1. Return yes when residue A:199 is away from chain B (no Cβ under 14 Å), in a loop (DSSP other than H, G, I, E, B) and touching a residue at least 24 places away in the same chain (Cβ under 8 Å) and no when it is not.
2. Can you name every residue in the stretch B:256-282 that is in contact with a helix residue (DSSP H, G or I) (Cβ under 7 Å, 6 or more places away or on another chain) and part of a helix (DSSP H, G or I)?
3. Do we have residue B:520 as over 30 Å from residue A:141 (Cβ atoms), touching a residue at least 24 places away in the same chain (Cβ under 8 Å) and within 36 Å of the chain's Cα centre (by Cα) here?
4. Just to be sure before I move on: is residue B:216 within 20 Å of residue B:518 (Cα to Cα), touching a strand residue (DSSP E or B) at 6+ places or on another chain (Cβ under 8 Å) and not assigned by TED's automatic domain parsing to the domain that holds residue B:517 in the structure I sent?
5. Could you grab me the full set of residues in the stretch B:702-721 that are facing another protein chain (nearest Cβ under 10 Å), surrounded by 21 or more Cβ atoms within 10 Å (Cβ to Cβ) and outside any loop (DSSP other than H, G, I, E, B)?
6. So for the stretch B:493-506 (the condition being buried (at least 24 other Cβ atoms within 10 Å of the Cβ) and without any contact (Cβ under 8 Å) to a residue 60 or more places away in the chain), does at least one residue qualify?
7. Is at least one residue of the stretch A:34-56 in contact (Cβ under 8 Å) with a residue 40 or more places away in the chain, touching a helix residue (DSSP H, G or I) at 6+ places or on another chain (Cβ under 6 Å) and over 22 Å from residue A:278 (Cα atoms)?
8. Quick one: residue A:26 ticks every box in (1) within 12 Å of another protein chain (Cβ to nearest Cβ); (2) at pLDDT 95 or above; (3) under 25 Å from the mean Cα position of the chain (by Cα) except a single one, so which number is it?
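The values are calculated or read from the model by the stated rules, or taken from the named source; none is laboratory data. As the structure is a prediction and not an experimental result, all values here were calculated from the model. Cβ placement follows ideal geometry from the backbone for every residue including glycine, while neighbour counts extend to all protein chains displayed.
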């Protein structure tokens, strides 16, 4: 098991592959500059850059990235970015010092690496900066000087280190077997063979949720079956009738794919986790963990998507996403079965749709309620309507009563109000740490009202669509 | 030493001018922060025989421990030692002021999650896995979790206390108008990015050296010695830096330090105790929730005639620092307003939850926001712009606070008017009225609120500080003082003070880790006092060194002592001068002392708590903020559109650092008042126990336009170079954003009243406030 850390190839064969990359860096690699703030991918203090052969570097949370999953890749930590004061320093580091971007300094390496990832991609502008650091928490500065550093980092002599990291990884031995207990198959045939051999294996793809079992509950799974390198699962098939998305495709690739296909989805994805999470987290994981507050299932429900399941024996079946969730954190996945792909009909994508995510904090927060609405227009009347919610029940769910009211109806005020009343009435959500049941019910209607008014009037009722006020 | 260093390799000056005071120098550690080379406790190398600690926890909120079977824990892989309360050789109570904070539960269980036993194992994971194997039986007793229940059943940690000025009840009766209101406000998790951590190494004398992430190393030293039953001199505590403190490492850092030290002495091995984030959130105290009630009597213009308030703080299961915290809420229940006649009652409630503790503002914010809510309500009642009602009620010089301290310096009338002019308050108020008249889905709100914050520890004995300054023969200077660095830039400010005092360039000075064997018996770095007190102590040390140097210089240059000048990195008299390092070398050869300690105690303060009368504060720090927000009536979502701040830091020691404190404090306060929502279930379990469900602000949440300026006026009090404390006061500037949100909600009832909007004003609570306003309620 080899990887490159800050340009130095390291043979990590003696290290447990199911430890986190963060633990490996801070202990075995002797690089304590990368910090642990939460061990759950929520604070960004552990951010490092990662690149496979020929890939651009991307920011990830090393606290929930397993060492085995980055074998053969290149890791850049804050220590490798440039080093200390003086020549060779990275522009991000210089800008952070000049803008007074650190106070206690503990979150600083994470911000430096997130901004370095942005710098490597030549990302500019306040939206891009905010998006790059949305997954980094700072408790001292109030962020203003860090945003300023993100603007000013291009004013310094260019940096040499980061763009080379993909090339470094090319020199590593990628085919070498991983230590016992950790398997990272390259194709579905190998995956199915391993599933037959280890029916109780612990499956992980991006790990953005699954690895919390290790870091929060101190589980020690054995063996680990890592799906992130299975070629078929990483494939996007951009067909004429449908989009087929491999289950291990990370969100960041979906953001690119849907840039023109669905701006509402991209706007939602920008608030799903953080840049670091979206660089690792996968569509398949979002389905397979069965959460009622996962952000993708309502969208897939509204688009009549199907999910393709495959088994250890090579058998495959396709079912509607609507039939996938069985109960709270419970799905139809049988033992030895995994999510292989999701297919979205092109026709569904072409229908007018709205996706609204409501959360306590705007960025990097779990949804209180998520609504996805998609509908056909047939002149003045509506054709088939799809209305799907997350956060309103034990599973992501379509609101059949609402759809019934809308389908074939004229989208007048009375219809809208009847649909909204039905949306409130049809669910019995729960009180929890994110919201009360009463608020969730009110929001089921409020978000639907907003969606229907926007679709009818072509207006944008978002709070950010308001004109700036000039006194 | 045979030979003096020829030329010290002290870095050259960055700029021409040598006097760094008033310059926006970067923090001394800034480059190490960005390069990842700044060392925090958990970054220190471990030894091959290193042990790691984890704790087993109580499973009920209140009860008795009936059985504790640790046999499976002891035999778990990697476990080296296990302790419970009976194994503590000394005093097992690590409470800071009053008793009541057992290091490990001793029969009685005080909150759900309380440490009951501890394990030392060969790895972090081994320790965490081992504690899950314990068999703990608890006999549950009826627990009081809600503050309202504690108030109603008079479940207290300390007896109630009261300030009284004149005859408030009579004033309320006689006033033309009166109203009452209440505010339930939540606590706040510190969420320092570096969790609680300590490492302990046994010493050859049987003592221990503790590396702690603590705002109060002297307290860590004292408590570790107490737990171990050792004299204080057998324990040293060292703090290089913290990854954030915010009050959360004033008393709460003691637990991991004491457990690590206990295992270190028992096993003779180095021991580290780092709390994983969830343990940190469950096992350490937070900002106090409060339930505050107020009644105000006033005239038709909204001028106050008299006020009564009851401030009930949720102290959790023990007093900890709560006496000072509820007291400080009482000290700030007037904020900047002359209440004329007032009765301010403080109630120190007990709940069966983790003991609440210091958090930036130390109760002040919870008192201050109550005054602001009350002023807004008064303004609605009399139908005036809240800013005018605020201005009309501001203190003037000579007015008396409810605790008897006269107002000596009235900064806020000028400051608030200047801010209102600079940020176009009046024009924007009109524009917002027009906007709100034309829009129903999105509405805007505006508020301009002041902050007046008392500077000094209200516990008088804590207002003392020490420092230690050495000048070496190459002219390099070593500075040590009793304050700790948690990101607030204290080391940089104190080094700036020393550079000016000795007339040398800043780069000569190196500040080292805070250590109890260098400066003893220190106070916590808290109460915004770090630079005020340690700066003065360092100045005192410099002046003591200079006394000998001046005498020597007068002799050397053949002049009067009064003619000797330390400036521009040189020492001289008349036309004659020497470079600093050359002069120091001569002084050394002439056997002049080049080292001194320094001491400072804050003058003037004198407060009699029993009489509730006197002068608790040396001076007041002031500021004001104007916030503009917009809210969505559909969902209750909102944005803070624009914030303008004018803040009084006296003559700033370092404007860049002060700006950082103001901006950072504001956003931290904004988090408390908006998205940070702590939640416990009925059994006393903390539900918001991770950053996945407790949301501090991100970069998106800072105001879309954020203009912060320093109010340019020297401190009237004789502080270090006439600067003012800046750590805590700016947090309370965020109250303007909460008031602006309430203003926006009130637009839905044409400002006839203010709907209920208890902090934190989450989107949900804003939504319900709008609904209440729309319903129009009879109020």
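1. Details: away from chain B (no Cβ under 14 Å): yes; in a loop (DSSP other than H, G, I, E, B): yes; touching a residue at least 24 places away in the same chain (Cβ under 8 Å): yes.
Taking the combined requirement at face value, the residue satisfies it.
2. Scanning the stretch B:256-282 gives B:257, B:258, B:261, B:262, B:265.
3. On the way: over 30 Å from residue A:141 (Cβ atoms): yes; touching a residue at least 24 places away in the same chain (Cβ under 8 Å): yes; within 36 Å of the chain's Cα centre (by Cα): yes.
Criteria met by residue B:520.
4. Details: within 20 Å of residue B:518 (Cα to Cα): yes; touching a strand residue (DSSP E or B) at 6+ places or on another chain (Cβ under 8 Å): no; not assigned by TED's automatic domain parsing to the domain that holds residue B:517: yes.
It is false that residue B:216 is within 20 Å of residue B:518 (Cα to Cα), touching a strand residue (DSSP E or B) at 6+ places or on another chain (Cβ under 8 Å) and not assigned by TED's automatic domain parsing to the domain that holds residue B:517.
5. The answer is B:708, and nothing else.
6. yes
7. no
8. Against the list (1) within 12 Å of another protein chain (Cβ to nearest Cβ); (2) at pLDDT 95 or above; (3) under 25 Å from the mean Cα position of the chain (by Cα), residue A:26 comes up short only on (3).
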